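Worksheet: one structure, shown below.
A short reminder: the numbers here are calculations on the coordinates, not readings from a lab. Keep in mind that what you see is a predicted model, and the values were worked out from it rather than measured. Cβ coordinates were reconstructed from backbone atoms using ideal geometry, including for glycine residues, and neighbour counts include every protein chain displayed.
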Amino acid sequence: MKSLRDLPSIDELLRDERLAEEPHRPAVEAARRVLERAREEIQAGREPGSLADAVRAEIEAQRRPRLRRVLNATGVLIHTNLGRAPLSEAALARVVEVGSGYSNLEYDLDRGARGSRQDHLAPLLCRLTGAEAALVVNNNAAAVLLALAALAEGREVVVSRGELIEIGDGFRIPDVLASSGARLVEVGTTNRTRAADYERALSPETALLLRVHQSNFRVVGFSERPGLAELAEVARRHELPLVDDLGSGALVSVGDEPTPAESLRAGADLVTFSGDKLLGGPQAGVVVGRGDLVERLRRHPLQRALRADKLTLAALEGTLSIALDATTAEIPVLRMLHERLERVRERAERLASLIGGEVEETVAKVGGGALPLTELPSAACAVAEELAEPLRLGEPPVICLVRDGRTLLDCRTLTDEEIDEVAAAVHAAR
Ligand SMILES: *Cc1c(COP(=O)(O)O)cnc(C)c1O
């Protein structure tokens with residue numbers, strides 16, 4: 001049994017030949033941590049094991065990136081904690097192309113003069129949504145913030161009480177409104193709001209009407225809210241803009257999610273939506289709509305702070321270029337959403353044949369605040385509950401759900417190739 005006095009100094013430990021190749025600074029830091037842990041082990045009456053091996057493992061761990069790829073076996077397609085939408089090949093190819101060299105990000109090639117980063121995607125977004133103008137910022141929260149700041153700062157914004165939602169991680173519509181400098185005027189009740197409620201709340205201070213997609217919840221039963229066209233009629237009568245925060249923004253209709261094109265046709269003046277929900281692209285916020293309003297957003301000082309980076313724009317352009325193609329299987333989120341259950345079950349069966357375990361019917365979810373009531377029939381391979389933790393801590397980490405004393409590896413959110421990786425991870429974890 002080792003005692004504290006048997007522990008080497010940092011210098012002595014680093015003289016071990018197994019550490020000869022390691023760079024000095026990281027090795028010293030790792031050795032300090034390993035010796036600290038060894039001291040605790042000894043004091044707790046345990047053997048500390050090989051210190052040199054521990055230092056090597058510590059250096060390895062430090063070298064590993066912290067932001068890492070994981071395998072999503074949860075069956076939640078747009079998993080906010082797991083980076084939302086995986087990118088398509090088309091999007092990734094554009095990121096590599098634009099990111100690995102210089103680009104015309106803010107250069108107008110025709111004129112040979114300074115250009116705007118906002119000019120690249122606007123024509124495509126207008127074509128896809130029927131809008132007059134478009135703008136891209138960092139995420140949809142930024143899009144809403146910018147729209148409110150540019151159009152309603154110091155004035156009133158009318159919102160239904162049924163739409164004062166929290167999207168997650170503390171993003172609450174009333175707080176965003178407050179940060180934009182606009183004042184919230186609530187109308188209606190949680191479950192019922194009528195067009196007349198909006199009309200009654202209007203005053204000379206009103207800057208715009210805001211409609212917010214209910215996103216991650218639904219009010220069912222005794223509930224009512226005006227159709228968008230009806231609300232647009234109120235807005236038009238009073239010459240006020242109607243801003244529609246759609247959240248998900250599926251370009252192709254999915255379930256009961258409204259598309260930006262439908263929203264604009266129904267009379268919304270501006271529509272905002274996310275790039276990495278049902279669109280299946282990078283984190284981004286898109287604003288489409290009336291040219292004069294988009295121009296006010298573009299000229300607002302916050303636009304400079306909230307604008308999207310070139311890699312985002314490249315990935316979004318790549319996503320949009322295939323978004324309206326009927327073969328949506330190229331966009332991972334849409335492929336997972338539409339894949340037939342038989343195909344998912346085939347993967348679960350192959351996984352079960354590789355690792356043992358039972359194939360079980362499960363229910364996958366869209367996630368990301370989209371289609372909260374939609375249950376996607378899915379299939380999982382069920383294995384022992386104790387595997388969940390080692391799978392999460394393995395390489396690559398596999399994230400899964402534990403239910404009824406078993407770990408479920410849902411195959412709707414895993415690709416064919418990932419099945420082999422999960423199988424290897426399960427073998428390593430046992
Ligand atoms: C998700 C969502 C947002 C926030 O979008 P991010 O892209 O996550 O910033 C805003 N409004 C609604 C209705 C949403 O569903």
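How are the C-alpha pair distances of the stretch 4-63 spread across 10 Å bins, as whole percents from the shortest bin up? Taking all Cα pairs of the stretch 4-63, the binned fractions are 24, 57, 18, 1 percent.
Using only the Cα atoms of the stretch 88-327, build the gyration tensor, take square roots of its eigenvalues as a ≥ b ≥ c, and label the shape rounded, prolate or oblate: rounded if a/c is under 1.5, else prolate if a/b is larger than b/c, else oblate.
Since a/c reaches 1.5 and a/b is larger than b/c, the shape of the stretch 88-327 is classed as prolate.
Could you order the peptides 342-354, 370-382, 163-175, 146-158 from most to least packed, using the average number of other C-beta atoms within 10 Å per residue? Please list the in-between numbers first.
Details: 342-354: 18.2, 370-382: 20.8, 163-175: 15.2, 146-158: 22.4.
Going by the mean number of other Cβ atoms within 10 Å, highest first, we get 146-158, 370-382, 342-354, 163-175.
Highest mean first, the peptides 293-305, 82-94 sorted by other C-beta atoms within 10 Å per residue fall in the order 82-94, 293-305.
Seen against the Cα atoms of the chain and their longest principal axis, helix 140-152 is set at about 30 degrees. Based on the alpha-carbon gyration tensor of the stretch 163-266 and its eigenvalue square roots a ≥ b ≥ c, which shape applies: rounded if a/c is under 1.5, prolate if not and a/b is larger than b/c, or oblate? Rounded is the answer for the stretch 163-266, as its axis ratio a/c remains below 1.5.
Percent of alpha carbon pairs in the chain separated by more than 38 Å? I get 39 percent for the Cα pairs in the chain exceeding 38 Å. Computed from Cα positions, the angle between helix 24-43 and the longest principal axis of the chain comes to roughly 70 degrees. The protection proxy used here, the mean number of other Cβ atoms lying within 10 Å of each residue, ranks peptides 190-197, 262-269 as follows, highest first: 262-269, 190-197. Considering helices alone, the calculated mean residue ellipticity of the chain at 222 nm is -12000 deg cm²/dmol, with DSSP H runs of length four and up weighted by -39500 (n - 2.57) and normalised per residue.
Counting every alpha-carbon pair across the stretch 44-91, the share separated by more than 17 Å comes to 62%.
If only the Cβ of Lys and Arg carry +1 and only the Cβ of Asp and Glu carry -1, the dipole of the stretch 4-63 around its Cα centre is close to 180 debye.
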